[in-house]
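The values are calculated or read from the model by the stated rules, or taken from the named source; none is laboratory data. Bear in mind that the values here come from a model prediction, so they are computed numbers and not experimental data. Every residue, glycine as well, gets a Cβ built from its backbone with ideal geometry; the counts of neighbours run over all protein chains shown. Note: accessible area is taken over every heavy atom of the protein model, side chains too, but ligands, DNA and RNA are not part of it. Shrake-Rupley method; radii C 1.70, N 1.55, O 1.52, S 1.80 Å.
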Amino acid sequence: YGIKWDPTDTDSSFPPQWERLWFLILTSSFFLTLVWFYFWWEVHNDYNEINWFLYNRMGYWSDWSIPILVTTAAGFTYITMLLILALCHIAVGQQMNLHWLHKIGLVTTLITTVVTMSSIAQLWDDEWEMVFISLQATAPFLHIGALAAVTALSWLVAGQFARTEKATSQMLMFTAYLAVVVALYLVPLTISSPCIMEKKALGPKPAILGHRGAPMLAPENTLMSFQKAVEQKVHGVQADVVLSYDGVPFLMHDKTLRRTTNVEEVFPERAYEHSSMFNWTDLEKLNAGEWFLQNDPFWTAGSLSRADYLEAANQSVCKLEDMLEVIKDNASLILNFQDLPAAHPYYSAYINITLETILASGIRQQAVMWLPDTERQLVRQVAPGFQQTSGLKLDAERLREKGIVKLNLRYTKVTNEDVRDYAMANLSVNLYTVNEPWLFSILWCAGVPSVTSDSSHVLRKVPFPIWLMPPDEYHLIWITSDLISFLVIVGVFIFQKWRLGSIRTYNPEQIMLSAAVRRSSQDVKIMKEKLIFSEINNGVETTDELSFCSENGY
């Protein structure tokens, strides 16, 4: 195995300096890849949002989430296996002896992880808030897992402690391990989760609004999507409104038609034009469903029935009027508006046209949540029953002064304290976009009144938060786990000291020489010489202690 040994090093339990450096790099890589893997796994809630963000950057649609997840998992597994093998070597008193290929792989993985994490921090800094939110759901269980891992590591640490001859080395090793253990025992003091509460204090289940309809079951912002949302008995829907060049309100999220229609096939020379610069007669010619089946943004197209598949493939751009006809008796509505180009003929009148369309549909005014700040005073006069909604996070007093009764915010922008403060001020909060049951559960425990979701068909089946634990029960589990860990660690240290304390430290040449019984080779002679010089350096001068070396073996 190419074992290397310095005969002047009397403390064989500690590897040479460069070996320590590689072990430090390996350990750092493990923790960095662990954080990155945890991050990318938890942001599964926002995969579609991240893909859309990258689409706007690169100009074409591609699902980057799964390749990144697979690559991250592979890198983390590789580093973990290297670390386990390194710890096994150390446990038996050997050095790591990393092959140069592993050293290249280790450094490459470390650099790639650092660069990727830095890029996400710069391009999508909001997403790192997801880590802190997710810890409200996972921290109690991660603590138990980390406690088990550190307790198991005590076998290795205790073994090294017993083998080490230098008191200074023993003290450093024991102090470092003790600091980690104590810190881990006290970590629950910093854990705060809204789901650590009494069951009787749990509020009602948050109402669910379909984000652009039901985009996991049908192409977003199409008539089929809103029909599916109504079938799921959602509380409401969210839609994005644009005004065509000839004054027809229709539904479209992006500024261009490229992502969600076949505009590049029908009008290739106009593919990059703003969607509002098309007449309705041109918009009617576009297919708004085939992209959903081809790109499969939520990996759900394959689960559609044959009838739904064919219906999705034939969807067209949806008028606001047609969508209102579907939802007016069944759901509430929250509207987002796109700003029109200055050259648009209805640039100054689109609010009036949209208002007329909404009021003419017969939908109850109380069911409409009006989000745009533009012409809000006019809207209050024409439709006093609309729920004035803000997309800006402001203090409760300023919101009341503006006549706002509801907020529509990204879930990363609001804390549990904010939700309570707004509730005390009689302000309702709707958070978007919430797709994962664990995130829905955390927001439920926090008292959030409603959420906007791509996966309304999934969240409506969540009958109760994924976990809910009374404080006394959590404290009992915490203290019991710490006590068990402490007793196991003490027992392991005592046993390892008893088992290894009286065993003399042998270097690799001694072990290999013992195995080379009656072999006459140049390698064996070299090992004999090294062993003799090692014993002399350790202060062995009597011939009796060297008498086991003979010409015929040992």
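A few points about this structure:
- Cα gyration tensor, the range 15-123 - rounded (a/c under 1.5), prolate or oblate: prolate
- Mean Cα-pair separation over length for the range 15-123, i.e. relative contact order, pairs under 8 Å, 6 or more apart, %: 40
- Computed as a quarter of the hull surface, the mean projected area of the alpha carbon convex hull for the range 391-465 stands at 4.7 nm².
- Prolate/oblate/rounded label for the range 115-181 (Cα gyration tensor, a/c 1.5): prolate
- The mean sequence separation of alpha-carbon pairs under 8 Å and at least six residues apart, normalised by the residue count of the chain, gives a relative contact order of 17 percent.
- Sparse packing (at most 15 other Cβ atoms within 10 Å of the Cβ) combined with a DSSP loop state is found for the following trypsin sites (Lys or Arg not before Pro) in the range 200-248: K233.
- Per residue value of the accessible surface for the range 15-123 (all protein chains in place, 1.4 Å probe), Å²: 53
- Pairs of Lys in the range 207-461 closer than 21 Å at Cα, counting only those 8 or more apart or on different chains: 14
- Summarising the label geometry, the points placed 7 Å from Cα in the beta-carbon direction at Y60 and H99 lie 3.7 nm from one another.
- Principal semi-axes of the equivalent ellipsoid, √(5λ) from the alpha carbon gyration tensor of the range 245-335, are 22, 20, 11 Å from largest down.
- Kirkwood hydrodynamic radius over Cα pairs of the chain, then Stokes diffusion coefficient at 10 °C and 1.306 mPa s, in µm²/s: 56
- Mean shadow area of the range 357-409 over all directions, Cα convex hull, nm²: 3.7
- Calculated accessible area for the range 207-461 comes out at 41 Å² per residue, all protein chains present (probe 1.4 Å; ligands, DNA, RNA ignored).
- For the chain, the membrane-span-like helix rule (DSSP H, alpha carbon extent of at least 20 Å along the helix axis, mean Kyte-Doolittle at least 0.0) picks out 17-42, 65-91, 100-123, 129-163, 167-186, 471-500; this says nothing about an actual membrane.
- Site pair E269 and W41 shows an inter-label distance of 5.4 nm when each label is modelled 7 Å from Cα along Cα→Cβ.
- Chymotrypsin sites (Phe, Trp or Tyr not before Pro) lying in DSSP loop within the range 127-218, provided at most 15 other Cβ fall within 10 Å: none
- Other residues lying with their Cβ under 12 Å from the Cβ of A121 contribute a combined charge of -4, Lys and Arg counting +1, Asp and Glu -1.
- Per the Debye formula on identical point scatterers at the alpha carbon atoms of the range 337-446, with no solvent, log10 I(q)/I(0) at q = 0.11, 0.12, 0.19 Å⁻¹ is -0.44, -0.52, -1.04.
- Shown for the chain: the carbon plus sulfur share of the solvent-accessible area, taken with all protein chains present and a 1.4 angstrom probe, equals 61%.
- Near R212, once Lys and Arg are set to +1 and Asp and Glu to -1 for all other residues with Cβ below 14 Å from its Cβ, the sum equals -3.
- Take every Cα pair under 8 Å whose residues are at least 6 apart in sequence, average their separation, divide by the length of the range 207-461, and the relative contact order is 22 percent.
- Of every Cα-Cα pair in the range 207-461, the percent that sits beyond 30 Å: 28
- Count Lys and Arg as plus one, Asp and Glu as minus one, and take only other residues whose Cβ is under 13 Å from that of S332; the net charge is then +3.
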